[in-house]
Amino acid sequence: MNESFGTLSETETGLINLGYTLDFNVHEECIVCHQSNIILPPEDFQIDRVYRFEGASNPDDESIVYAIPSSKFGIKGTLVNGYGISADDTTSKLVEKLQTNISHIIMENKSNDSTPQRPDGKRILNADLVQMDLNQFLLQIKEESSWAESDRNSMTVFKSDSMRIVLMGLHKNAELKTHQAKGIISVQVLEGRINFITEQKTVLLEKGLMIVLHESIPHSVMALEETFFLLTLAMTKQK
């Protein structure tokens, strides 16, 4: 399979055209297909290809699509999961069990439906050395329709299997609802002011200030004025 479909919806349509017509879900340690009433343990299916998608308006708006066939049952389908910050634990653990059997898969990094203004190939997200012009990225975020039409916009500036760096912009009074990260995060304010809120403490962050938070601690963010910050996630290795 050498197809490169583009956006999330285009990829789902392209995979359907290739025969991946079923919607898979995860239940405990198996994949289930409600359309055909089939339950697939890890030994009964494989992963052909993986597609990652980057959201523009929220670092949590990222997803990963698995193209999955089962030669035993003669079926093909797709499984959708969050990625990085928003990954579902059950799905991630199931996929991890298959890592020894999917060394042949091809990983495609694409833009989500919400980022048509960012053509593929414009930015290098992962290499031996990645140089980032944050001033230019800030200008781009402010010029995009997502910034004009919603209370936020973001851009992933580095992405690997172990680390993610997102440039995040929030309008005044925009809020990132309470959530948890699957790794250690840092937040470094470039412009503006935010309240970074945990159950134990609220920290005022402004230009030049930075915090680090350990994994799985519930937190939220409230913008006190138009604010831009770097969110870095160091993902915890699965044990």
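Expected output is a single nm value to one decimal: the length gained when fully extending between Ile16 and Glu226, i.e. 0.36 nm times separation in residues minus the C-alpha distance. What is it?
Gain in length upon complete extension: 71.4 nm.
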* Of Lys142/Lys182; Lys159/Lys201; Lys76/Lys182; Lys142/Lys207; Lys172/Lys207, which pairs sit farther than 21 Å apart, going by alpha carbon to alpha carbon? -> Lys142/Lys182; Lys159/Lys201; Lys76/Lys182
* Asked: Short version: ³J(HN,Hα) in whole Hz for each residue of region 209-218, in order, from phi by Karplus 6.51 cos²θ - 1.76 cosθ + 1.60 (θ = phi - 60°), x for Gly and Pro, what are they?
  -> 9, 8, 10, 10, 10, 6, 5, 6, 9, x
* Asked: Rounded to the nearest 20 Debye, what is the dipole magnitude of region 129-239 about its Cα centre when Lys and Arg each give +1 and Asp and Glu each give -1 at the C-beta?
  -> 480
* **Calculated FRET efficiency for the pair Gln35/Lys72, C-beta based, R₀ 22 Å, to 0.05** => 0.85
* Mind listing the phi-derived Karplus ³J(HN,Hα) values for region 147-163, rounded to whole Hz, using 6.51, -1.76 and 1.60 with θ = phi - 60°, and x for any glycine or proline? -> 6, 6, 9, 9, 8, 7, 7, 8, 8, 6, 10, 8, 8, 9, 5, 10, 8
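How long is the gain from Thr178 to Ser150 if the chain were fully straight, where each residue apart is worth 0.36 nm and the alpha carbon distance is subtracted?
That pair, Thr178 and Ser150, stretches by 8.2 nm at full extension.
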* Structure fact -> Taking 0.36 nm per residue of separation between Asn195 and Asp161 and subtracting their Cα-Cα distance, the length gained on full extension comes to 9.3 nm
* Structure fact -> Residue-normalised value, i.e. accessible area per residue, for region 180-233 at 1.4 Å probe, in Å², stands at 49
* How many nm is it between the label spots at Glu43 and Ala127, if each spot is 7 Å from the Cα in line with the beta carbon? -> 4.5
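The values are calculated or read from the model by the stated rules, or taken from the named source; none is laboratory data. Quick caveat, the model's predicted, so the values are computed rather than measured. Using ideal geometry, Cβ is built from the backbone for each residue, glycine included, and neighbour counts are taken over all protein chains shown. Just the protein is used for accessible areas: all its heavy atoms, side chains included, with ligands, DNA and RNA removed. Shrake-Rupley method; radii C 1.70, N 1.55, O 1.52, S 1.80 Å.
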